[in-house]
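Just so you know, all these numbers are worked out from the coordinates, no wet-lab data involved. The model shown is predicted, which means the values in this text are computed figures rather than measured ones. Ideal geometry is used to build each Cβ from the backbone, glycine not excepted, and the neighbour counts take in all protein chains shown.
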Amino acid sequence: MRIGFFGGSFDPPHLGHLAVARAAADKFSLDRVLFVPTGIQPLKPAGPAAPFEDRLAMVALLCALQPEQHGPHFEPSSLDAPHPDAAPNYTVNTLTRLRNELSPEDELFSIVGADTFHGLPRWRSPDKLLNLADWIVVSRPGFSHVDAVGFAPSQLEHIHLLEGVHYPTSATSIRSLLSAGSDCDDQLPRSILDYIHIHHLYGT
């Protein structure tokens with residue numbers, strides 16, 4: 001199988017995330033896409049605004065929008081849940097654990113935005129990351145996928161650009177709009193909006 005690993009804060013998950021996953025699955029013939037909220041991101045010490053359990057529940061609601069009978073299977077995953085000792089979640093450890101759970105014949109692809117990918121050299125064990133999975137890098141305005149990153153030619157073979165997915169939103173802007181009283185109904189599905197309001201997330 002060809003499996004996509006889509007990690008991130010998902011704080012909250014929005015329609016842009018769904019568009020990216022669908023485009024990646026279509027272009028790279030993915031059979032499954034795992035939506036994997038991160039417990040504690042090492043490079044974001046302030047932490048997420050919503051608890052992990054709420055972000056995972058909202059990811060499940062987002063995945064439910066993918067029709068089971070059409071295309072790849074989208075599923076939420078708690079693979080990157082917070083550690084009991086509150087240690088940071090390192091992607092290299094999470095991908096290693098996932099790789100060990102998969103069949104040797106399975107192909108693993110990590111889906112990431114180009115702006116985030118540019119910071120990959122600051123992640124733990126960046127060379128190992130490129131050995132654990134191929135990387136689907138989603139283009140962003142002003143960011144190309146490998147400029148100035150400094151990877152070797154053999155490593156670049158594991159990096160693939162996904163262009164044409166420019167969903168005009170971000171979780172940061174959505175949180176600001178929600179706290180200001182907007183419903184963001186053009187950026188969030190109704191199921192997630194309802195969840196946010198019921199659980200009083202993001203100042204709602």
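Arranged from fewest to most other beta-carbon atoms within 10 Å of their beta carbon, 192, 40 become 40, 192. Couplings for the range 168-184, taken from phi via the Karplus curve 6.51 cos²θ - 1.76 cosθ + 1.60 with θ = phi - 60°, read x, 7, 8, 4, 4, 5, 5, 4, 5, 5, 4, 5, 8, x, 6, 8, 6 Hz in order; Gly and Pro are left as x. Estimated from the Cβ-Cβ distance and a Förster radius of 41 angstrom, the FRET efficiency linking residue 127 and residue 64 is about 0.65. Between the listed residues 19, 173, 79, the Cα displaced farthest toward the positive end of the dipole of the range 2-198, a dipole computed from Cβ unit charges relative to the Cα centre, is found at 173.
Residues 1, 58 in ascending order of nearby Cβ atoms (within 10 Å, fewest first): 1, 58.
Sites counted here are GluC sites (Glu not before Pro) in a DSSP loop (not H, G, I, E or B) having no more than 13 other Cβ atoms within 10 Å; the longest part of the chain that contains none of them is 1-67. Simple point charges give the picture: +1 on the Cβ of Lys and Arg, -1 on the Cβ of Asp and Glu, and for the chain a dipole about the Cα centre of about 380 debye. Computed from Cα positions, the angle between helix 15-27 and the longest principal axis of the chain comes to roughly 30 degrees.
Using per-residue counts of other Cβ atoms within 10 Å, averaged over each peptide, order 116-122, 88-94 from highest down.
So the peptides 116-122, 88-94, ranked by packing, come out 88-94, 116-122.
Only helical runs count toward this figure. For the chain, summing -39,500 (n - 2.57) over DSSP H runs of n ≥ 4 and dividing by all residues gives -9500 deg cm²/dmol at 222 nm.
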